[in-house]
Amino acid sequence: MFPVTDGLPGALQIESSEESDQGKYECVATNSAGTRYSAPANLYVRGLPGAFLEEEPAVLCHQPGPCVGGQAEAALSPYRLLDQLLTLWCHTAWGCLKRDAALSAVSSMSPESFVSGVVRAHLRAHALRRVAPRFSIPPSSQEVMPGGSVNLTCVAVGAPMPYVKWMMGAEELTKEDEMPVGRNVLELSNVVRSANYTCVAISSLGMIEATAQVTVKALPKPPIDLVVTETTATSVTLTWDSGNSEPVSYYGIQYRPAGAEGPLQEVDGVATTRYSIGGLSPFSEYAFHVLAVNSIGRGPPSEAVRARTGEQAPSSPPRRVQARMLSASTMLVQWEPPEEPNGLVRGYRVYYTPDSRRPLSAWHKHNTDAGLLTTVGSLLPGITYSLRVLAFTAVGDGPPSPTIQVKTQQGVPAQPADFQADADSDTRPAPWGAASEEGHQ
């Protein structure tokens with residue numbers, strides 16, 4: 001950027017130009033309302049033409065007049081040499097020097113100094129003129145949102161200056177008759193798909209290429225092929241496929257109990273396509289989703305996959321255990337299922353004992369199915385029993401319920417058996433059998 005001074009409004013002056021000054025220039029006007037750009041102008045920096053030294057003169061003359069050594073027709077005086085230089089310079093649009101001042105300067109130079117300087121200038125110019133094209137500003141890859149716009153800039157230098165064009169695959173994006181020299185800006189708008197764009201610089205000394213990729217960034221697609229590969233009582237292992245051709249930054253996993261309406265739980269920052277989620281409830285069904293995240297944001301979640309965790313032994317006892325005597329030796333026990341069965345309850349165990357100080361393994365045990373009541377018989381009358389109930393699954397037993405106590409009743413005589421009597425007016429003893437074991441004779 002060259003700031004324009006107040007002394008030269010709208011003018012740019014470059015003195016002692018060099019190869020690095022070569023390129024495209026634009027005038028930029030800026031105020032509080034905005035910025036405007038002028039049409040670009042190309043500046044070419046070229047060396048001295050070399051045609052005038054294709055044949056070395058036989059004699060060099062320092063002053064006008066007869067040449068030293070004769071052969072004046074073949075001699076090349078400094079005046080003629082400078083005259084040819086000025087003519088060539090003017091012809092090549094470098095701007096004509098003041099002829100009189102230049103010719104006057106020659107008179108103070110020796111022929112050797114003059115020719116030596118001309119030869120050095122010629123060789124230097126010849127070397128500058130023979131530079132193969134190279135990129136001073138190669139195109140850089142860009143990312144753009146769908147439907148967005150982007151500019152790709154490509155600048156190449158060389159001597160002669162190369163023409164620059166853009167291509168997309170085999171398609172020419174720059175018209176042959178509109179190829180600029182040195183710098184070409186490709187303006188892309190409404191970009192909807194990713195593509196590679198190639199900048200080509202061409203001169204008589206060769207052709208070079210540089211490719212930039214324009215990537216259309218969008219929210220990632222949902223992952224695919226989500227499956228459950230392993231379950232335990234408290235964990236589920238998931239695997240999936242990315243479902244995206246572009247790289248993703250990481251994945252997120254969302255889950256909650258199946259059928260629940262509460263907020264989703266989430267595991268964030270998953271770097272692989274396989275993950276095990278722990279801390280789940282045993283024998284519970286969950287719904288899982290996976291989503292992908294890139295630099296733009298979070299993509300939509302995948303289709304849900306459901307899985308049920310494995311069984312465990314119940315982690316809580318049966319609730320509201322009650323008992324009452326049906327007879328002197330039989331009691332009825334009732335309960336409700338445990339709050340955390342952790343699986344399919346296969347049945348219950350009723351433990352009872354007249355001595356609660358004994359370990360539970362030494363208590364009497366009565367097994368029953370998955371029903372919620374049972375009867376326990378053959379109890380001794382007039383005894384206080386301690387009673388506990390536990391549930392079990394296919395994996396194992398849960399904890400027993402708190403101890404309750406129930407006291408059996410005293411014996412009540414049962415109805416006599418085999419009672420016989422005659423319809424006779426006389427009074428006599430009537431025989432009968434012994435009462436059952438549940439009563440007393």
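Worth a mention:
- Flag if Val267 is among the β-branched types (Val, Ile, Thr) and not in a strand (DSSP E or B): no
- Evaluating Ala233 against the criteria (1) within 30 Å of Val181 (Cα to Cα); (2) surrounded by fewer than 18 Cβ atoms within 10 Å (Cβ to Cβ) leaves one unmet condition, (1).
- Residue selected from the stretch 181-191 under the condition out of contact with any Pro (no Cβ under 9 Å at 6 or more places or on another chain) and surrounded by 18 or more Cβ atoms within 10 Å (Cβ to Cβ), by the criterion farthest from Ser203 (Cα to Cα): Leu188
- If you go through the stretch 1-29 and keep only what is modelled with pLDDT under 75 and β-branched (Val, Ile, Thr), you end up with Val4, Thr5.
- Tally, over the stretch 126-182, of residues that are under 13 Å from Ala212 (Cβ atoms) and of a type in the set (Phe, Trp, Tyr): 2
- Being modelled with pLDDT under 80, in a loop (DSSP other than H, G, I, E, B) and loosely packed, with under 10 Cβ neighbours inside 10 Å is a condition met by no residue of the stretch 30-38.
- Any hit, the stretch 263-271, residues being surrounded by 14 or more Cβ atoms within 10 Å (Cβ to Cβ), in contact with a Gly (Cβ under 9 Å, 6 or more places away or on another chain) and in contact (Cβ under 8 Å) with a residue 24 or more places away in the chain: no
- The residue pairs whose first member lies in the stretch 223-242 and is outside any strand (DSSP E or B), whose second member is aromatic (Phe, Trp, Tyr), and whose beta carbons are closer than 7 Å, counting only pairs six or more residues apart or on different chains, are Pro223/Trp240; Pro223/Tyr251.
- Selection status of Ile253, assigned to a strand (DSSP E or B), outside the structural domain of Phe288 (by TED's automatic domain parsing) and buried (at least 17 other Cβ atoms within 10 Å of the Cβ): no
- Among the residues of the stretch 285-309, those identified as over 22 Å from the mean Cα position of the chain (by Cα) and surrounded by 18 or more Cβ atoms within 10 Å (Cβ to Cβ) are Tyr286, Val305, Ala307, Thr309.
- Residues that are modelled with pLDDT of 95 or more and at positive phi, drawn from the stretch 198-238: Asp225
- Going through (1) at pLDDT 90 or above; (2) out of contact with any Lys or Arg (no Cβ under 8 Å at 6 or more places or on another chain) one by one, Val192 falls short only on (1).
- When the stretch 135-153 is filtered for residues that are touching a Lys or Arg at 6+ places or on another chain (Cβ under 7 Å) and assigned to a strand (DSSP E or B), the ones remaining, listed by number, are Glu143, Val144.
- Close pairs (7 angstrom Cβ cut-off, 6 or more residues apart or separate chains): touching a residue at least 40 places away in the same chain (Cβ under 8 Å) and farther than 30 Å from Thr408 by Cα in the stretch 311-325, surrounded by 19 or more Cβ atoms within 10 Å (Cβ to Cβ) and of a type in the set (D, E, K, R) anywhere: none
- Members of the stretch 155-180 that are surrounded by 15 or more Cβ atoms within 10 Å (Cβ to Cβ) and without any contact (Cβ under 8 Å) to a residue 24 or more places away in the chain: Thr174, Met179
- Pairs where the first residue, in the stretch 326-346, is more than 24 Å from Gly396 (Cβ to Cβ) and touching a residue at least 12 places away in the same chain (Cβ under 8 Å) and the second is part of a loop (DSSP other than H, G, I, E, B) and among the acidic types (Asp, Glu), C-beta under 9 Å, 6+ apart: Ser327/Glu438; Ala328/Glu438; Ser329/Glu437; Ser329/Glu438; Thr330/Glu438
- Matching residues, the stretch 181-193, being touching a residue at least 24 places away in the same chain (Cβ under 8 Å) and in a loop (DSSP other than H, G, I, E, B): Gly182, Val192
The values are calculated or read from the model by the stated rules, or taken from the named source; none is laboratory data. Nothing here was measured: the structure is a model prediction, and the numbers come from that model. Using ideal geometry, Cβ is built from the backbone for each residue, glycine included, and neighbour counts are taken over all protein chains shown.
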